[in-house]
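Trainee: Got a structure for you, written out below as structure tokens; questions coming shortly.
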Amino acid sequence: MKKYIIIAVTGLLLCMTACTDLDVVPYSELAPENFYQNREQILMGVNRIYTHAWNSVGQGGYNRISETSADQLAWVNKGRHGYDGGVHGRQHYHSWTVDDDSCWDPWRTIFTGVGYTNSIMDDFTRIDFAAAGMPDEERAALESEIRGMRALFYMKLMDLFGNIPVTTTVGTPVDPPTMSRAEVFAFVEQELLEAARTARPLTKANNGRFTLAAVYATLVELYLNAEVWSGTARWDDCIAYSDRLIRGEGGSVNGTTALDRDVNVTFSNVNTDASNEILFCNASDKARGRWVNPVNIAYYRERDIINSDYGGNNGLIVTPTTIESYSDRDLRKTEWFFYGIGPGANQGPYLNLATPDENDYVIGTEEFAGLPLIFCNKPIKAVVDVQGDRVVITEWHSPEFPGDEARQLIEQAFNGSNVKDYIISDFRENNHREWYLAGGYNTSDARQYTWSEMNDYRYMWYDCKENSGGHLIKYKTGAYTDPNYGNADLVYYRLTDIYFARAEALMRRNGGAATQEVVDLVNAVKQRAFAPAYWESAEATTNGDRYTTATLTMNELLAERGREFIMEVKRRTDLIRFDKFEFALDGWWDANAGYGDGSGGSIVKDPTRRLLAIPLNAISANRNLIQNPGYN
């Protein structure tokens, strides 16, 4: 019997005074038969599935390995930070092993989610719902949620590991055997179709729960990847369930289901109230500790950039080729990343919003300590002179930001209240004129490299600096003084997913060629990333920003999926579906650097790495598991 143990202080004190009375019935043991006495307690049991979902898709679950094994995000080594035993490098270069946490963490956390769903389904067989005041319709809807979440957990496990065991009851069988990927696919599909029968449409009241919209969206993802996961393409089914969602048959959080009007509202801290396109999310409430915590993507002093109450560990960066894939007119480039030099709120140099001094700048803390913080991909060098009490830049070298505006902004920051004295003092005492804001250290060692050598250099995973790459700011926490601070819901599926899935299915059904219908679907999403006047101009078409049937190729569709869905945990699955997971993309950052040790350069290009290893811990515990090819 499963027991829910609640130990009260008074009960503990009573036990201390009567510990020899072995006939005492402990009132603190709660089994399903006596716990679920009312509707609130039943919902408490079901809600455990959703609270665990934060963990199963979080830092050590599905999300991390799905992002860091792809080409857009990397947890890089930055000086004395970020190596962590080489685990992030093994993720980046596909060199993980059977005893790596990269495999074990998603296995154990997602299977724990499966365990919670099986447990509550088992509890439901013994609950007297009528006595608890819950009508049959609501009970059936809750069972649909549980089935749907279990199907989602299994789908993610199937995606990562392929052949896995499937169980629907707690503890039986003891050592479940491995099922083929096609069999797991069939199980997931059947569970979702069954869940759809009694699922409730999405409304504001049930936002964050696995509603009919979530069922349909999960089926769209399942059918989009059916050829990889089951061996049989299901493009027509993908289109059919996409159409249901586009027609609004799954319900909506706010009014009619529609694409959001701009690139930020879907990920804002008021997205629950403002977004029309969210189909399934994990609801946030920072006051209760449930929020899209940016610690792993934030710079150490990000609190100073946006006036928040958190710092970061400066872990994940946006890779150079990803930043370069956005055109300069694309609003996503300036709205979703801390990157570059310019007047935008997310461009450096950054005024320190956490201090009352209006001329105080956010400065580096490691290789560029004391200097204005700039996130970039290439070296920056400024040669200075001191004229009176003012720092003047006499030479400006930046291949990424060569313009006079960038030079002026940095000169202004060099005269900031917390920067100027440092530069002037070093100039007068040491005649220090050359300052590197990126690329080289501000020491004699850095100047052993000529500027042309540094200019031509691309960082690789193991030798990045504190400001290398872009940093994500796609989810908007807001300032800590904002009443909605940190309350952005974590989006799993949105209507944009459905537009892109339908477009891809239509293209693949048409031999990889785009029809006008496909172009209209993708352009309907993309247009919000550009100023209206530019989007309607001939220049937008000439530049390739607005697609035509000729310019929207399969490769371009993959590229645009990458730009739109960055940080939404789709890229690994997309690359595999497009047969690009072995870094078969032009200019994919450092994939072909030529270092063979698995943590310092070239990628492992064995296609068996499209599946993770079945963890050694799991195989040791279950003799019926079968290891994936390439890991024996």
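Trainee: Quick check: anything in the range 194-216 without any contact (Cβ under 8 Å) to a residue 24 or more places away in the chain, of a type in the set (Gly, Ala, Ser) and either in a helix (DSSP H, G or I) or under 30 Å from Ala621 (Cβ atoms) (or both)?
Mentor: no
Trainee: Considering only the range 412-424, state which residues are open to solvent by 30 Å² or more (accessible area, probe 1.4 Å), part of a helix (DSSP H, G or I) and either closer than 14 Å to Val383 by Cα or not hydroxyl-bearing (Ser, Thr, Tyr) (or both).
Mentor: Answer for the range 412-424, where residues must be open to solvent by 30 Å² or more (accessible area, probe 1.4 Å), part of a helix (DSSP H, G or I) and either closer than 14 Å to Val383 by Cα or not hydroxyl-bearing (Ser, Thr, Tyr) (or both): Gln412, Lys420, Asp421.
Trainee: Select from the range 84-137 the residues that are under 28 Å from Thr319 (Cα atoms) and either over 24 Å from the mean Cα position of the chain (by Cα) or not in a helix (DSSP H, G or I) (or both) and list them in ascending order.
Mentor: Tyr93, His94, Ser95, Trp96, Thr97, Val98, Asp99, Asp100
Trainee: Mind listing just one residue for me: the one in the range 39-62 that is in a loop (DSSP other than H, G, I, E, B) and in contact with an Asp or Glu (Cβ under 7 Å, 6 or more places away or on another chain) and, of those, modelled with the lowest pLDDT?
Mentor: Here the answer is Gly60.
Trainee: Only one of these is over 23 Å from Ile49 (Cβ atoms), part of a loop (DSSP other than H, G, I, E, B), out of contact with any Cys (no Cβ under 8 Å at 6 or more places or on another chain) and at pLDDT 95 or above: Val263, Val174. Name it.
Mentor: Testing whether each residue is over 23 Å from Ile49 (Cβ atoms), part of a loop (DSSP other than H, G, I, E, B), out of contact with any Cys (no Cβ under 8 Å at 6 or more places or on another chain) and at pLDDT 95 or above leaves just Val263.
Trainee: Quick one: which of Arg329, Arg301 is at pLDDT 90 or above and either under 18 Å from the mean Cα position of the chain (by Cα) or among the charged types (D, E, K, R) (or both)?
Mentor: That would be Arg329, the only listed residue that is at pLDDT 90 or above and either under 18 Å from the mean Cα position of the chain (by Cα) or among the charged types (D, E, K, R) (or both).
Trainee: Could you list all residues from the range 190-215 that are open to solvent by less than 10 Å² (accessible area, probe 1.4 Å) and hydrophobic (A, V, I, L, M, F, W, C)?
Mentor: Result: Leu192, Ala195, Leu202, Phe210, Ala213, Ala214, Val215.
Trainee: Here's a follow-up. Step by step: first the residues of the range 396-411, then only those that are in contact with a strand residue (DSSP E or B) (Cβ under 7 Å, 6 or more places away or on another chain), among the charged types (D, E, K, R) and not in a loop (DSSP other than H, G, I, E, B), then the one that is most open to solvent (accessible area, probe 1.4 Å). Which residue is that?
Mentor: Within the range 396-411, the match that is most open to solvent (accessible area, probe 1.4 Å) is Arg407.
Trainee: Turning to a different aspect of this structure: Test of understanding: among Trp229, Trp235, which residue is in contact (Cβ under 8 Å) with a residue 12 or more places away in the chain, open to solvent by 30 Å² or more (accessible area, probe 1.4 Å) and farther than 18 Å from Gly148 by Cα?
Mentor: Trp235
Trainee: Next up: Can you confirm whether Gly439 is closer than 30 Å to Leu472 by Cα and under 32 Å from the mean Cα position of the chain (by Cα)?
Mentor: The answer is yes for Gly439.
Trainee: The conditions are (1) touching a strand residue (DSSP E or B) at 6+ places or on another chain (Cβ under 8 Å); (2) under 21 Å from His52 (Cβ atoms), and Gly250 fails exactly one of them. Which is it?
Mentor: The failed condition is (2).
Trainee: Return the pairs, sorted by first residue and then second, in which the second residue is open to solvent by less than 20 Å² (accessible area, probe 1.4 Å) and among the polar types (S, T, N, Q), the first residue lies in the range 301-315 and is in contact (Cβ under 8 Å) with a residue 40 or more places away in the chain, the beta carbons are less than 7 Å apart, and the residues are 6+ apart or on different chains.
Mentor: Close Cβ pairs (under 7 Å, with a partner that is open to solvent by less than 20 Å² (accessible area, probe 1.4 Å) and among the polar types (S, T, N, Q)) amount to Glu302/Ser308; Asp304/Asn352; Ser308/Thr477.
Trainee: Restricting the range 63-83 to residues that are assigned to a helix (DSSP H, G or I) and open to solvent by 10 Å² or more (accessible area, probe 1.4 Å), which is nearest to Gly148 (Cα to Cα)?
Mentor: Among those that are assigned to a helix (DSSP H, G or I) and open to solvent by 10 Å² or more (accessible area, probe 1.4 Å), it is Asn63.
The values are calculated or read from the model by the stated rules, or taken from the named source; none is laboratory data. The structure displayed is predicted, hence computed values, not measured ones. Quick reminder, even Gly has a Cβ in these numbers, built from the backbone with ideal geometry, and neighbours come from all protein chains shown. Quick note on the areas: whole protein, heavy atoms, side chains included, nothing else; ligands and nucleic acids left out. Shrake-Rupley method; radii C 1.70, N 1.55, O 1.52, S 1.80 Å.
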